[in-house]
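*Asks:* Let me give you the structure first, and then I'll get to my questions.
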Amino acid sequence: MYASTVRGLLVRGMLAGLIAGLFAFAVAYVVGEPPVRGSIAVEEAQAAKDAAGAPSAHAGHGGDAASGEAAEEEEELVSRPVQSTFGLATGVLVYGVALGGIASLAFSFALGRVGGFSPRATAALTGAGAFALVYLVPFLKYPATPPAVGNPDTIGQRTTLFFLMILLSVLLGVGAIILGRRLAPRLGNWNATLAAAGGFIVATALAFAVLPDNSDAVQPGFPAALLWEFRVASLAVQLVLWAVFAIVFGVLAQRLLATRAEGTEATAPAQQEAPALG
C-alpha cells in the first residue's frame, strides 16, 4: 500500500512539475529572453569592435575567403529563434518534470515527520525548501550570468562550483532538519526550529567563505543594468516554477491521500468482520 502511494505521488509530482514548467517557460520567454538578447548584442558589438581594430594578417592574400570560411565555421547549428522557443521550452519542461519527481519523493519522506501538517501545507513547505536549498542559497554565492558573458575558459570550473554549492546547501538543509527534530523534545518546536535555522545560516556562511568566488564570471564593461535584469528574471523563473509546483502538487497529493484514507477506512471494517463470517 505504501509503495503504491509513493508511486502515485511520484507520478503526480512529475505532472505538477510539467505544469509548473509551462508557467516557468512563459516567464522565461517574456521576462528572461530580452536580457539574453541584449547580452548577445553586447557580445556581438564587442566582437565587431575587436575585429575592426585588429589588422588582418591575410589582407590582400585571400583574406576575404578566409573570413568567409571563419564565418561559416562560427555559424550557429541551432538558430536563436529555435533556441529561444523550442529549445527553451524543452529545457524548462524537462527540468520541471525531473525536479517535480524528486520533490515528490522528498514530500513523501517529510509528510508526517516534520509536524502535523496537511498534505497541502507539507507540499508548500517542500516547495519553499526546495527553492531555497536548490536555487536561492547557491544563487546568493554564485549569481546567474547571461550566456557568452564570462570567460569561456573557466565555464567548467564555474559550473562545478555552482553544483558543489547546491550539494552543500541540500546537505546542510537536511542536517538542519535532523538537528531541529532532535532538539525539539528538549527545547520545544519553536526554539528548536530557531536553533536549527541559526545553525544552517552559520554553516552556509562558512561555506560561502571557504568556496572561491567567480571573479571572472562577468567581463569588465558589461552593462550593470542588463546583468541585473537577467538575474532578476532568473530568480523570477525559479520562484514561479516552485510556487506553481507547490500549489498544483499540494492539490493532487491532498486528493490522492484523501482517497487512499477513505479506501483504508472502508476496508478496515470488512477485515474485522471476516472472521465472524467463518
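*Asks:* Applying the selection to region 26-41, what residues are in contact with a Leu (Cβ under 7 Å, 6 or more places away or on another chain) and open to solvent by 50 Å² or more (accessible area, probe 1.4 Å)?
*Replies:* Listed by number, the list holds a single entry, Tyr29.
*Asks:* Same structure again: With respect to Gly198, is the statement that it is in a helix (DSSP H, G or I) and in contact with a helix residue (DSSP H, G or I) (Cβ under 8 Å, 6 or more places away or on another chain) true?
*Replies:* In short, no.
*Asks:* Filter region 236-259 down to the residues that are at pLDDT below 90 and open to solvent by less than 70 Å² (accessible area, probe 1.4 Å) and list them by number.
*Replies:* The answer is Ala253, Gln254, Leu256, Leu257, Ala258.
*Asks:* Still on this structure, I have one more. Can you tell me which residue is surrounded by the fewest Cβ atoms within 10 Å (Cβ to Cβ) among those in region 161-213 that are touching a residue at least 24 places away in the same chain (Cβ under 8 Å) and among the hydroxyl-bearing types (Ser, Thr, Tyr)?
*Replies:* In this case the residue turns out to be Thr204.
*Asks:* Of the residues Ile102, Ile178, Ile166, Ile155, which single one is of a type in the set (Val, Ile, Thr) and at pLDDT below 80?
*Replies:* Ile155
The values are calculated or read from the model by the stated rules, or taken from the named source; none is laboratory data. These numbers come from a predicted model, not from an experiment. Heads up, the Cβs are rebuilt from the backbone with ideal geometry, glycines too, and the neighbour counts pull from every protein chain shown. To get the accessible areas, we keep the full protein, side chains included, count just its heavy atoms, and leave off ligands, DNA and RNA. Shrake-Rupley method; radii C 1.70, N 1.55, O 1.52, S 1.80 Å.
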